[in-house]
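S.K.: First the structure, which I've put down as structure tokens, then a few questions once you've had a look.
The values are calculated or read from the model by the stated rules, or taken from the named source; none is laboratory data. Because the structure is predicted, anything quoted here is derived from the model rather than measured. Neighbour counts are summed over all protein chains in view; Cβ atoms, including those assigned to glycine, are modelled from backbone coordinates with ideal geometry. The area values use the complete protein model at the heavy-atom level, side chains included, leaving out ligands, DNA and RNA. Shrake-Rupley method; radii C 1.70, N 1.55, O 1.52, S 1.80 Å.
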Amino acid sequence: MAFLSHLTRMDADTSGLQLLNTVKHTTMNKKYATICARELFEDNQNHSHQLPIFQTSSFEPGSMERAVDLFSGKEKGYVYTRYGNPTIDAVQNKLALLEGLGSSEDCFCILTSSGMSAISTLIQAVLEPGKAILIHPSLYGGTLEYMLHILPGSGHEVIQVDFNDSDGLKKVLAERSHEIGMIYFETPTNPGLEIIDISAVCKLAKKAGIPAAVDNTFCTSFLQQPLSLGADYVVYSTTKFINGHGNSTGGAILGKKGDPNEKPIWKNMKLLGTCIGPFEAWLINQGLKTLPLRMEKHCNNALKIARYLEAKNTLVNRVNYPGLKDNPGHRTAGRQMNLPGSMLSFELDADLKKCLEFCDALHFSKAPTLGDTDTLLLHPASSSHINVDPEIRLKSGITDGLIRLSVGIEDAEDLISDLESAFAAIS
Ligand SMILES: *Cc1c(COP(=O)(O)O)cnc(C)c1O
């Protein structure tokens, strides 16, 4: 059953969600939204109702004796915001609690300045010198660029395998597991919306003794909880759905409490200086309050649009959305996602010129991000993947007609009528 009982209401009229509501997070039923809506932070001094912003770079120890105790670690307390800050801590605690709801284990969370810094901080802490990283090649553009252009310079080979090719994955792990220090992937992938079976991949990783990390940005812990499916680490660009309002850049690294890398990850954050600021953390907290409401509306709207586009089969070659019944990832998504998400892509049956005309006819924002309240459009071939070799682009399904949508929380009827006008404009 879905972890939110009122989502079952949607089951009745939307079969696409039905299959996807099979995750058994019974203990989460009323907890997730409650944690989001309330403040965990207790202000014993002033009793503020909402989380205050401790907009300070340092903390006054009071005496030299206490300074020594704080710096030596004898006393726990705040010293310097790059090491820790009450506003940042409160938000980390909330994210850790939310991520841990699906499993029996407690989680840790370290906030960072961006999604990219979360990824690089995690990898630098976990990937041992000389070891390779094994990836599914459909990754966020920046992540792939980091993997291919930065990591090799530090002596890390990047091995690419299709994680949906189970035999190929097993073969690489059988032959090269001693060389591989980390497994890294995203699901659903960008911009093809392929689904990777988290449990299956993590089981193989565990067998080979290799830690696995999942970028869960597209889903948030409200839709998918990779740690409960066997992953060791989760990373987020909080810039996207977690903040949800497009007004801050941030990232997060999560794992299970007691993981031997928790301290090294924190140390890397502290010493690489990839810390978040108190105000950005506070904006994440603001976004988290409505995360469940937003995600539900995002998903509901996305399913409506996916179905609308699917029915436009003379103008649209294919629609990539895990909530659609004949999507190849539908069953796996049903097992590991609570709802099918806000992200979808579709291929217009048109050449580049016509496709760009179609994009221009739409009133959707062309801002190059995702997860905001309004619907965002991306044309990968002319933006995020413009510098990718056309042959590689085509191999990943990024044709000139491919359009990615981050479906917002507007009225679905308005979005559909906008699409309808754009189709009329090009036909
Ligand atoms: C945006 C994004 C990132 C990078 O996050 P920034 O906050 O822009 O650094 C990483 N992964 C995914 C899936 C993203 O969408």
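S.K.: Do we have Pro328 as at pLDDT 95 or above and open to solvent by 20 Å² or more (accessible area, probe 1.4 Å) here? If you could, list the steps in order and put the result at the bottom.
M.R.: Numbers: at pLDDT 95 or above: yes; open to solvent by 20 Å² or more (accessible area, probe 1.4 Å): yes.
Considered against the rule, which asks whether it is at pLDDT 95 or above and open to solvent by 20 Å² or more (accessible area, probe 1.4 Å), Pro328 comes out as yes.
S.K.: Based on this model, can you work out whether Ser58 counts as of a type in the set (S, T, N, Q) and over 22 Å from Cys275 (Cβ atoms)? Working first, answer last.
M.R.: On the way: of a type in the set (S, T, N, Q): yes; over 22 Å from Cys275 (Cβ atoms): no.
When the stated conditions are applied, Ser58 does not pass them.
S.K.: I've got another one for you. Give the residues of segment 221-250 that are within 14 Å of the ligand (Cβ to nearest atom) and among the aromatic types (Phe, Trp, Tyr), sorted by residue number.
M.R.: Residues satisfying the conditions are Tyr233, Tyr236, Phe241.
S.K.: So is Thr220 open to solvent by less than 10 Å² (accessible area, probe 1.4 Å) and in contact with a Phe, Trp or Tyr (Cβ under 6 Å, 6 or more places away or on another chain) or not?
M.R.: Details: open to solvent by less than 10 Å² (accessible area, probe 1.4 Å): yes; in contact with a Phe, Trp or Tyr (Cβ under 6 Å, 6 or more places away or on another chain): yes.
Answer is yes for this residue.
S.K.: For Ser177, state whether it is more than 16 Å from the ligand (Cβ to nearest atom), among the hydroxyl-bearing types (Ser, Thr, Tyr) and assigned to a loop (DSSP other than H, G, I, E, B).
M.R.: Against the criterion (more than 16 Å from the ligand (Cβ to nearest atom), among the hydroxyl-bearing types (Ser, Thr, Tyr) and assigned to a loop (DSSP other than H, G, I, E, B)), Ser177 does not qualify.
The rows are residues; the columns are (1) assigned to a loop (DSSP other than H, G, I, E, B); (2) at pLDDT 95 or above; (3) away from the ligand (no atom under 15 Å from the Cβ); (4) within 30 Å of Gln224 (Cα to Cα).
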site: Glu357; (1), (2), (3), (4): no, yes, yes, no
site: Asp360; (1), (2), (3), (4): no, yes, yes, no
site: Thr373; (1), (2), (3), (4): yes, yes, yes, yes
site: Ala381; (1), (2), (3), (4): no, no, yes, yes
site: Ser384; (1), (2), (3), (4): yes, no, no, yes
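S.K.: Of all residues in segment 389-408, which are more than 16 Å from the ligand (Cβ to nearest atom), part of a loop (DSSP other than H, G, I, E, B) and either touching a residue at least 60 places away in the same chain (Cβ under 8 Å) or within 18 Å of Gly244 (Cα to Cα) (or both)?
M.R.: Those that are more than 16 Å from the ligand (Cβ to nearest atom), part of a loop (DSSP other than H, G, I, E, B) and either touching a residue at least 60 places away in the same chain (Cβ under 8 Å) or within 18 Å of Gly244 (Cα to Cα) (or both): Gly397, Gly401.
S.K.: Please verify whether segment 95-118 includes one or more residues that are of a type in the set (D, E, K, R), crowded, with 19+ Cβ neighbours inside 10 Å and either free of Cβ contacts under 8 Å to residues at least 24 places away in the same chain or in a helix (DSSP H, G or I) (or both). Steps first, please.
M.R.: Filtering segment 95-118 for residues of a type in the set (D, E, K, R) gives 99, 105-106.
Narrowing further to those that are crowded, with 19+ Cβ neighbours inside 10 Å: 99.
Imposing the further condition that a residue be either free of Cβ contacts under 8 Å to residues at least 24 places away in the same chain or in a helix (DSSP H, G or I) (or both) reduces the set to 99.
Looking for residues that are of a type in the set (D, E, K, R), crowded, with 19+ Cβ neighbours inside 10 Å and either free of Cβ contacts under 8 Å to residues at least 24 places away in the same chain or in a helix (DSSP H, G or I) (or both), one finds at least one in segment 95-118, hence yes.
S.K.: Let me ask something additional. For Val68, only one of the following conditions fails: (1) out of contact with any strand residue (DSSP E or B) (no Cβ under 8 Å at 6 or more places or on another chain); (2) open to solvent by 30 Å² or more (accessible area, probe 1.4 Å); (3) among the aliphatic types (A, V, I, L, M); (4) in contact (Cβ under 8 Å) with a residue 12 or more places away in the chain. What is its number?
M.R.: Among (1) out of contact with any strand residue (DSSP E or B) (no Cβ under 8 Å at 6 or more places or on another chain); (2) open to solvent by 30 Å² or more (accessible area, probe 1.4 Å); (3) among the aliphatic types (A, V, I, L, M); (4) in contact (Cβ under 8 Å) with a residue 12 or more places away in the chain, Val68 violates only (4).
Conditions tested, residue by residue: (1) open to solvent by 10 Å² or more (accessible area, probe 1.4 Å); (2) more than 30 Å from Ile53 (Cβ to Cβ); (3) not charged (D, E, K, R).
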{"site": "Gly209", "(1), (2), (3)": "yes, yes, yes"}
{"site": "Asp232", "(1), (2), (3)": "yes, yes, no"}
{"site": "Gly244", "(1), (2), (3)": "no, no, yes"}
{"site": "Thr290", "(1), (2), (3)": "yes, no, yes"}
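S.K.: Scan Leu148, Leu193, Leu127, Leu134 and give me the residue that is touching a strand residue (DSSP E or B) at 6+ places or on another chain (Cβ under 7 Å), closer than 27 Å to Leu402 by Cβ and away from the ligand (no atom under 16 Å from the Cβ).
M.R.: That would be Leu134, the only listed residue that is touching a strand residue (DSSP E or B) at 6+ places or on another chain (Cβ under 7 Å), closer than 27 Å to Leu402 by Cβ and away from the ligand (no atom under 16 Å from the Cβ).
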